[in-house]
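Here the structure comes first, spelled out in structure tokens, and everything after it is commentary.
The values are calculated or read from the model by the stated rules, or taken from the named source; none is laboratory data. All figures in this text were calculated on a predicted structure; none of them were measured in a lab. Don't worry about glycine lacking a Cβ; one is built from the backbone with ideal geometry, like all the others, and counts go over all protein chains shown.
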Amino acid sequence: MTEQKRKRRAKYLLIADALKQAIKQGQVVPSEALPSARTLATQLNVNRHTIMAAVAELVAQGWIEAKERSGYRIVNKLPIQTSKTISNLTVEHQTFDWQFRHKKTTATAAVKGASAYIYNFSGGQPDNRLFPFNEFKHYFSQLFQHPKFTHLGYDNNVGETDLITQVSTYLRRARSITNKEIMICNGSQEGLYMVSKLLLQAGDKVAVEQYGYPPAWAAFKSSGAELAVIEQDHKGIIPEYLATQLAKGDIKLIYLTPLHQYPTTVTLDVSRRMQIYQLAAQYGVAIVEDDYDHEFHYDSQPIAPMAADDPLGLVIYISTFSKLMFGGARIGYVVANNALITELTAYKTLMNHKSNVLMQQAVAKWMQQGGFESHLRRMTRCYHKRRDFLVNLLRGYQQQGLPITFDCPAGGMALWVDMGVSIVGLKQTLLTKDVYLQTEVEFNLVTEHLITEQKKSQYRFIRVGFASMNEVEITQGMKIIVQELYG
């Protein structure tokens, strides 16, 4: 306790704390009588009533008891003894044995988050420094000046009506998605988790891309499901291979990132999308379409999501505002037919009686008053420029003779780069140099992080995020990566 806080604390509480400390340290022992209140008041030079208040506090806490005609005594069994000795087992030698039903399904994260590193090449990290916080705070000010009291309770867990209206309009205009229901959630990961809990059980299988998004895998595994690996080529997931897996009859969900495939950045063409949809319809399997960064497409209009052409209503569309805003905003959404949204909302209520109402209302105002679209245009121009800068930087390294190859993606926030040499162990080394980078090892489901000496040379790809850093930072970070790999 600081001296300033000690001065603010009532005198009787300070005396009670001192007496309690004396008991803990054994200066007074169980059943020992305390001096009279008058004696203690004289010794401590305080009012007798202050002593009585301190004693009453310790009686209430169970340290002291009043004995008729004999004053106050230390209790026979002290609280510290009771907590340390239970059934003859001492806390110093025993700890409670937790029996966890949920097993850890993701790799151990870095000691600190990606944003804490000077050079952050995380593939889905926006540049939080560029978010218009001064503008956005005005929407909160409006809400605090005129709060909607009826919205601050525990009802309406599907999301704020105003935000759902704005998201619905945005999806119709920007992604051609209509005639579906929307639920607002705390980021896309919560949406994935809830879908897995509602639709999966132990023994079910989820068809996933061989190279994919580990947090999604973890969500499916948390429900006891197994992952069925679907092979990819340079065009993305292979429909013919998916067909052979579906024919086995135990796949319950198909999980896809068809636009800017995670992590390879490939866009699945219309023909393959149609083949996959027809297979899902044939086998009665739902598709989870994770469209995590649709906003950022630079060279042309992006292909409309699969959810935009979903006559059977079997596509569950999940997206987020985290890439446009910042991860801490926790605004994501699930778009599906009414039956699924109703059940998801009920399940969400079990997890969380209410989401952040004020954040949802502020985002709704931001969208309604045009700030959302303005920020989207600014960030699209910025990330387009940064993508081109990174592409030219890598081409410069190619001209120097380095064995680097890559395809320039039409959109997204990262490049998938073949470095031409093994990248096993690169991530851990770079962390010590204040560089955060993701590599093929953590995205390849086939490896399951088990890498033999014979296969080390096969892992050559890195995912180079360019959105969160300016050109100087990208240059300096890439210089460290290149130096570490090629000397």
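Could we say that K479 is modelled with pLDDT under 90 and either farther than 23 Å from V208 by Cβ or assigned to a helix (DSSP H, G or I) (or both) here? Judged against the criteria, K479 is not a match.
Taking the criterion of being without any contact (Cβ under 8 Å) to a residue 40 or more places away in the chain, out of contact with any Leu (no Cβ under 8 Å at 6 or more places or on another chain) and either aromatic (F, W, Y) or not in a strand (DSSP E or B) (or both), the residues of the stretch 404-427 that qualify are S422, V424, G425. Among the residues of the stretch 225-232, are any over 17 Å from A281 (Cβ atoms), surrounded by fewer than 21 Cβ atoms within 10 Å (Cβ to Cβ), touching a Leu at 6+ places or on another chain (Cβ under 8 Å) and β-branched (V, I, T)? Yes, because at least one residue in the stretch 225-232 is over 17 Å from A281 (Cβ atoms), surrounded by fewer than 21 Cβ atoms within 10 Å (Cβ to Cβ), touching a Leu at 6+ places or on another chain (Cβ under 8 Å) and β-branched (V, I, T).
Looking for something over 17 Å from I182 (Cα atoms), surrounded by 22 or more Cβ atoms within 10 Å (Cβ to Cβ) and among the charged types (D, E, K, R) - is there at least one such residue anywhere in the stretch 269-284? Lay out the reasoning, then the answer.
Step one: filter the stretch 269-284 for residues over 17 Å from I182 (Cα atoms), giving 269-284.
Filter again for surrounded by 22 or more Cβ atoms within 10 Å (Cβ to Cβ), leaving 273, 276, 280.
So of that shortlist, the ones also among the charged types (D, E, K, R) come out as 273.
Yes, there is a match, as at least one residue in the stretch 269-284 is over 17 Å from I182 (Cα atoms), surrounded by 22 or more Cβ atoms within 10 Å (Cβ to Cβ) and among the charged types (D, E, K, R).
In the stretch 125-165, of all residues being aromatic (F, W, Y) and assigned to a loop (DSSP other than H, G, I, E, B), the one that is farthest from N356 (Cα to Cα) corresponds to F131. Inspection of the stretch 263-274 finds a residue satisfying the criterion of being free of Cβ contacts under 8 Å to residues at least 60 places away in the same chain and more than 29 Å from A467 (Cβ to Cβ).
All of (1) within 30 Å of N156 (Cβ to Cβ); (2) without any contact (Cβ under 8 Å) to a residue 24 or more places away in the chain hold for H353 with one exception: (2).
Determine whether the stretch 187-195 contains at least one residue that is among the charged types (D, E, K, R) and closer than 30 Å to L163 by Cβ. Checking the stretch 187-195: at least one residue is among the charged types (D, E, K, R) and closer than 30 Å to L163 by Cβ. Restricted to the stretch 303-353, and to residues that are over 20 Å from the mean Cα position of the chain (by Cα) and under 30 Å from L130 (Cα atoms), which residue is surrounded by the most Cβ atoms within 10 Å (Cβ to Cβ)? Only one residue tops the list, namely P305.
Each residue in the stretch 189-208 was checked for being part of a helix (DSSP H, G or I) and of a type in the set (A, V, I, L, M, F, W, C), and 5 pass. Residues of the stretch 306-355 that are among the charged types (D, E, K, R) and touching a Lys or Arg at 6+ places or on another chain (Cβ under 9 Å): D309, D310. Residue-level analysis places L430 outside the set of residues that are over 24 Å from the mean Cα position of the chain (by Cα) and not in a strand (DSSP E or B). Any residue at all in the stretch 377-400 that's assigned to a loop (DSSP other than H, G, I, E, B), surrounded by fewer than 20 Cβ atoms within 10 Å (Cβ to Cβ), outside the structural domain of I184 (by TED's automatic domain parsing) and not aromatic (F, W, Y)? Among the residues of the stretch 377-400, at least one is assigned to a loop (DSSP other than H, G, I, E, B), surrounded by fewer than 20 Cβ atoms within 10 Å (Cβ to Cβ), outside the structural domain of I184 (by TED's automatic domain parsing) and not aromatic (F, W, Y), which makes the answer yes. Condition test on T380, is it in contact with a Phe, Trp or Tyr (Cβ under 8 Å, 6 or more places away or on another chain), among the polar types (S, T, N, Q) and either at pLDDT 95 or above or over 25 Å from L324 (Cα atoms) (or both)? Taking the combined requirement at face value, the residue satisfies it. Residues of the stretch 270-303 that are modelled with pLDDT under 95 and within 21 Å of L314 (Cβ to Cβ): Y292, H294, I303. May I ask you to verify whether P215 is farther than 22 Å from D310 by Cβ, within 22 Å of the chain's Cα centre (by Cα) and buried (at least 23 other Cβ atoms within 10 Å of the Cβ)? So P215 fails the test. Screening K7 on (1) modelled with pLDDT of 60 or more; (2) farther than 30 Å from S122 by Cβ shows it passes everything except condition (1).
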